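*Asks:* Pasting in a structure now, in structure tokens, and then I'll have a few things to ask.
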Amino acid sequence: MNQQKIPATVITGFLGAGKTTMIRSLLTNAAGKKIALIINEFGDLGVDGEVLKGCGAENCSEDDIIELTNGCICCTVADDFIPTMTKLLEREQRPDHIVIETSGLALPQPLVAAFNWPDIRTQVTVDGVITVVDSAAVAAGRFADDHDAVEAARVEDDSLDHESPIEELFEDQLTCADLIVLNKTDLIDGDGLGRVKNEVASRIARKPVMIEARNGEVPAGVLLGLGIGTEDDIANRKSHHELEHEEGAPHDHDEFDSFVVELGAVSDPTGFIEKLKGIIAEHDVLRLKGFIDVSGKPMRLQLQAVGSRIDQYFDRAWAAGEARRTRLVVIGLHEMNQDAVRKAIEALVQG
């Protein structure tokens, strides 16, 4: 690898796997490296960017955090990512390392391939692709209710396709990985972890290194400096969608929808969150994240939900002059009844 090139780490993973938490930890333990961060959100509320801007890392200022919202980075490489990288490389003070957090719905393959563009290839190389896995979700069979039955059906009839879009996306992100972080291992026992390792390994032909993590805590020295040069090997990591493209099928994210719910102050956050769990379960919401304005509290309450599992903490004080409000992003499958979910959430405050 050309050591003069700026290394870039691509961090991908399914919805709620813990990518943002891991990056927050990375930024605060980067041993003085100046890091530029590019975040790609699905939906039009930059929650992850707000979380990371509040981490206070001296080596990654707010000017070093760039958000690409309202579009999947794998679909908007030419329109969004390439110009962003070009501007970043034109800075007088260039970063020591670039970290890119993809949306939980993004394919990493087209993004990595973009590093072969002439103006980028000469200046940046992909240090490695890191895929973060929610071990607790996989242990609970989130991506395949009965994997053995599916495989048995495939053996009997090759024309059948029992894979859901979520399962394909999960496999695509694993396929591109140089390092797989099995996160949230504290939420499962030893047997569950063994099942997760077997499940992940069974879904990919390549065998990247797998490591375990709790709360996204992985040393910066483990995540940075892999020195892979992944852009040179991207042809060997084709996703389901790329294989379909070769047959002329378009790539889109119509399987998923997202929308924002804005509310006023919440007086009883504990009760509010408990009732949210019921709404999430009833409407099969995949992911819910955002911020809550808690009445009488000077700090903003951050909320991150994967299924009915909800994490919460006060991340920072409301800034002087900042409009206090509750804003939540809801992500689900295309069939989700947005109007019903929105009204149910709004009723929690109105009631």
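*Asks:* For segment 339-350, does any single residue satisfy the condition of being at pLDDT below 90, open to solvent by 70 Å² or more (accessible area, probe 1.4 Å) and either within 30 Å of ARG203 (Cα to Cα) or out of contact with any Asp or Glu (no Cβ under 7 Å at 6 or more places or on another chain) (or both)?
*Replies:* Scanning segment 339-350, I find at least one residue that is at pLDDT below 90, open to solvent by 70 Å² or more (accessible area, probe 1.4 Å) and either within 30 Å of ARG203 (Cα to Cα) or out of contact with any Asp or Glu (no Cβ under 7 Å at 6 or more places or on another chain) (or both), so the answer is yes.
*Asks:* Can you tell me which residue among ALA149, ALA106 is surrounded by fewer than 14 Cβ atoms within 10 Å (Cβ to Cβ) and at pLDDT below 85?
*Replies:* None of the others qualify; the one that does is ALA149.
*Asks:* Let me ask something else about it. With the requirement that a residue be free of Cβ contacts under 8 Å to residues at least 40 places away in the same chain and not in a helix (DSSP H, G or I), what does segment 213-234 give you?
*Replies:* Matches in segment 213-234: ARG214 only.
*Asks:* How about segment 276-315: which of its residues are of a type in the set (Asp, Glu) and open to solvent by less than 40 Å² (accessible area, probe 1.4 Å)?
*Replies:* Residues satisfying the conditions are ASP293, ASP315.
*Asks:* Filter segment 83-102 down to residues that are in contact with a strand residue (DSSP E or B) (Cβ under 9 Å, 6 or more places away or on another chain), part of a loop (DSSP other than H, G, I, E, B) and farther than 18 Å from GLY225 by Cβ and give me whichever is most open to solvent (accessible area, probe 1.4 Å).
*Replies:* Applying the filter and picking the extreme gives ARG91.
*Asks:* Can you spot a residue in segment 14-25 that is modelled with pLDDT under 50, charged (D, E, K, R), closer than 24 Å to ALA114 by Cα and under 13 Å from the mean Cα position of the chain (by Cα)?
*Replies:* Taking every residue of segment 14-25 in turn, none turns out to be modelled with pLDDT under 50, charged (D, E, K, R), closer than 24 Å to ALA114 by Cα and under 13 Å from the mean Cα position of the chain (by Cα).
*Asks:* Something else now. Among the residues of segment 230-239, which ones are more than 16 Å from THR131 (Cα to Cα) and among the small types (Gly, Ala, Ser)?
*Replies:* The one that is more than 16 Å from THR131 (Cα to Cα) and among the small types (Gly, Ala, Ser): ALA235.
*Asks:* Then there's this: What strands (runs of 3 or more DSSP E) completely inside segment 274-351 contain at least 2 residues that are under 17 Å from VAL260 (Cα atoms)?
*Replies:* In segment 274-351, 287-292, 299-306, 326-333 are the strands (runs of 3 or more DSSP E) which contain 2 or more residues that are under 17 Å from VAL260 (Cα atoms).
*Asks:* Next question. So in segment 109-125, with the set limited to residues that are open to solvent by 30 Å² or more (accessible area, probe 1.4 Å) and of a type outside the set (A, V, I, L, M, F, W, C), which one is nearest to the chain's Cα centre (by Cα)?
*Replies:* Here the answer is PRO110.
The values are calculated or read from the model by the stated rules, or taken from the named source; none is laboratory data. Because the structure is predicted, anything quoted here is derived from the model rather than measured. We place every Cβ from the backbone using ideal geometry, glycine too, and count neighbours over all the protein chains shown. Side chains included, ligands, DNA and RNA excluded: accessible areas come from the protein's heavy atoms. Shrake-Rupley method; radii C 1.70, N 1.55, O 1.52, S 1.80 Å.
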